[in-house]
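Right, one structure below, let's go through it.
Nothing in this text is a laboratory measurement; each read-out follows from the coordinates by a stated rule. None of these values were measured; they are calculated from a predicted model.
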Amino acid sequence: MTTYAATAPVVTVRIGTGAPDNGSTHTTTADPHAYTVTAFVNVEPHSVGYQSWHTVAEVTTPDGSPLVLVFTTGRVSDVDEAADAAFVVGNRQDSDDRGQLWPADVRPLTVGDVLAVTAPDGTTTHLAVVSASVSVGFSEIQPPALRTPLTGTRATSRTR
């Protein structure tokens, strides 16, 4: 498994849409006692799974702030367990360790969606959901290059 190490405990991510100044910027801080997960829903037809040319949208809360799921090291012990736990939350079956629920106006996670899992040491691994029937499976990928805001996509009922 290839992971991408952050050079500092604070990682600033620029999420672009391919157009200049049309992305959003937010900062996440590595927690030495937790795994954090940011979910990206695929806005392309994706029944065959994620492809590098697919556009994804970061899942946000109803007020538009990034949804960052948190799982303590007492609950999960590696990237795969954190992704499994996030998938359960993303299918409205549980909450994260801070009590956050999946937004009601965002479709559940499924094949073709992407999870960015940041470990307690600050490394981030991007995983695509590759199966979701009997058991969930993930495949490591490069960070998605094509991103768009969530509002107005087929992944949510939000219109603005």
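Each semi-axis of the equivalent ellipsoid for region 43-89 is √(5λ) with λ an eigenvalue of the Cα gyration tensor; in descending order they amount to 24, 17, 8 Å.
In terms of overall dimensions, the C-alpha atoms belonging to region 26-160 reach 36, 30, 28 Å along their principal axes, ordered largest to smallest.
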